[in-house]
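Taking it in order: structure first as C-alpha cells, then the write-up.
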Amino acid sequence: MRTIGLEEHFLTHELASHVAPSAAIAKPAVWEDAFRRLLDFTGERLDGMDLAGLDVQVLSLMSPGIHAETDPAAAVTKAAAVNDLLATVIAENPTRFAGFAALPLQNPKAAARELERAVTQLGFCGAMVNAHTQGRYLDDPTLRVVWESAVALDVPLYLHPANGVDVAHVMSGHPELIGPMWSWGTDTASHVLRLIFGGVFDDFPEAKLLLGHMGEGLPYVLWRLDSRWGFHNHHGVELARENPSDYLRHNLYITTSGVCSAPPLLCALLALGPEHILFGTDYPFEDMPTATEFLRTAPISEPDRAKIAHQNAERLLRL
Ligand code: MN
C-alpha cells in the first residue's frame, strides 16, 4: 500500500546550532545517531524508506528550526535558504520526497510571502511551525496574515512541538519531564486551544491545522472540553461554533507520528474520523519499520488504513 509520512525531519549543518536545546534532551549516543540521520537525504534515509515500505517522506526542518533565530532579518534569509535547499533535494527525488516550508515567523508578512513562494514556486505542501516564535504563538493577531496566506493557498500548517518559553511550575525540579516525553505534548495541545479560543478558526473557518503525535492527547478529551466549556465563565471569550470540539473535528488533522500504539489510534478514529488521520513516523526519532508495521497491522478497516496511509495525504497535500 502506498505510504506517505508527514513528520520526517532533516537538518543542515548551517542550522545545527539551533537544535542545541532539543539535542540536550536526548541521551548523547541517541542524539549522535539522530544527528547523522538528520543530515542525510539520499543515503541511509532512502534505504530505510525502501526497507520500511515508506514511499514518500514529506520533509521538514527539525524543531525548533528558524524559530530559534532572534534576528528577524536573519530568519528571513535562513528560511529562504533552507527552503531552496529542500526544493533541490525534492527536485532530485520527486517521487520520494515532498516538503513543508520553514517560515520566518519573526516577520509575519515575510513569513506569509515565503509560504506563498514555497507553495507556488517550490511546490511545497504547506509549512511546519515549531511551537512559539520568540514567545509568540499562532493566535497572535500579527500572525493572521500567515493564516490568510495558508487559507488562500489551501495548504495546512503543521504545528510541531519545541521547548517552551519557560518551564511550567508543576515541572520545576523535574527536568526529565521537559521534552517530547511530556512537556512538548501539553505545550502543543495548549497552543491548539489558544488557536480555538483566540478566534483563528472563526476568522478562517477553512484553515487546516496538522498536529503530530496522534493529536497530542486532544482526541481523548473532546467531550470534557465541551462539557466544561458549558460550565466555565467564558471571561468574555465567545466562539462562533457551539463547542470547542467542533473546531477539533473540522479544522484539525493529526498524524500518527511518534505513536505506534493501537488504543490512541482507535480513540482518534472515533473522535475525529478516518478522514482526519494521516501517517507519519517522526524520523529519525522513531524507527521507520516500527511505524509502517504498526500501520499495516493496526486493528482498523482496510478502507481506513488506506486513508491514513496515503489517501488523506494525497487529498490534503495534493500529492
Ligand atoms: Mn517530530
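Values in this text are rule-based calculations from the coordinates and carry no lab data. This is a predicted model, so every value here is computed, not measured. Please note: Cβ atoms are built from the backbone with ideal geometry, for glycine as well, and neighbour counts cover all protein chains shown.
Let me know the longest stretch in the chain that avoids all GluC sites (Glu not before Pro) found in a DSSP loop with at most 14 other C-beta atoms within 10 Å.
Free of exposed loop sites, the longest segment is 1-205.
Filter the trypsin sites (Lys or Arg not before Pro) in region 213-319 to those in DSSP coil with at most 15 other Cβ atoms within 10 Å of their Cβ, and list the result.
When the trypsin sites (Lys or Arg not before Pro) of region 213-319 are filtered for loop state and at most 15 Cβ neighbours within 10 Å, Arg241, Arg318 remain.
Once amide H atoms are built 1.01 Å from N in the peptide plane, which residues 5 or more positions from Leu61, or in another chain, come under 5 Å H to H?
Residues meeting the criterion, in which the H sits 1.01 Å from N, are Phe10.
Which of the three applies to region 269-319, rounded, prolate or oblate, going by the alpha-carbon gyration tensor with a ≥ b ≥ c and a/c under 1.5 meaning rounded?
Oblate.
Using θ = phi - 60° and the Karplus relation 6.51 cos²θ - 1.76 cosθ + 1.60, list the HN-Hα couplings for region 219-235 in order, rounded to whole Hz, with x at every Gly or Pro.
Couplings: x, 6, 10, 4, 5, 5, 4, 5, 4, 7, 4, x, 9, 5, 5, 7, 6 Hz.
Divide by every residue of the chain the summed helix terms, -39500 (n - 2.57) for each DSSP H run of at least 4, and state the resulting mean residue ellipticity at 222 nm, rounded to the nearest 500 deg cm²/dmol.
-12500 deg cm²/dmol
Within 12 Å, Cβ to Cβ, of Glu286, how many net charges do the neighbouring residues add up to if Lys/Arg are +1 and Asp/Glu are -1?
Summing Lys/Arg as +1 and Asp/Glu as -1 gives -4.
For the chain, what's the relative contact order in percent, using C-alpha pairs closer than 8 Å and at least 6 residues apart?
Computed value for the chain: 19 percent relative contact order.
List the pairs from Lys27/Lys78; Lys109/Lys307; Lys78/Lys109 whose alpha-carbon separation is above 23 Å, in the order I gave them.
Lys27/Lys78; Lys109/Lys307
Let me make sure I get this right: for the chain, a, b and c are the square roots of the gyration tensor eigenvalues over alpha carbons, sorted descending. Under 1.5 in a/c it's rounded, otherwise prolate if a/b > b/c, else oblate. Which is it?
Verdict is rounded for the chain.
Restricting the count to DSSP beta bridges whose residues both fall in the chain, what percent are antiparallel, rounded to a multiple of 5?
5 percent
Taking square-rooted eigenvalues a ≥ b ≥ c of the alpha carbon gyration tensor, is region 13-104 rounded, prolate or oblate, where a/c under 1.5 means rounded and, failing that, a/b exceeding b/c means prolate?
oblate
Only bridges whose two residues both fall in region 133-289 count here: according to DSSP, what percent of them are antiparallel, nearest 5?
Taking every DSSP beta bridge within region 133-289, about 10 percent pair in antiparallel fashion.
Report the calculated FRET efficiency for Asp50 and Ala24 (r = Cβ-Cβ distance, R0 = 25 Å), to the nearest 0.05.
0.15
Give, in nm to one decimal, the length gained when the segment between His250 and Met1 is fully stretched (0.36 nm per residue of separation minus the Cα-Cα distance).
86.9 nm
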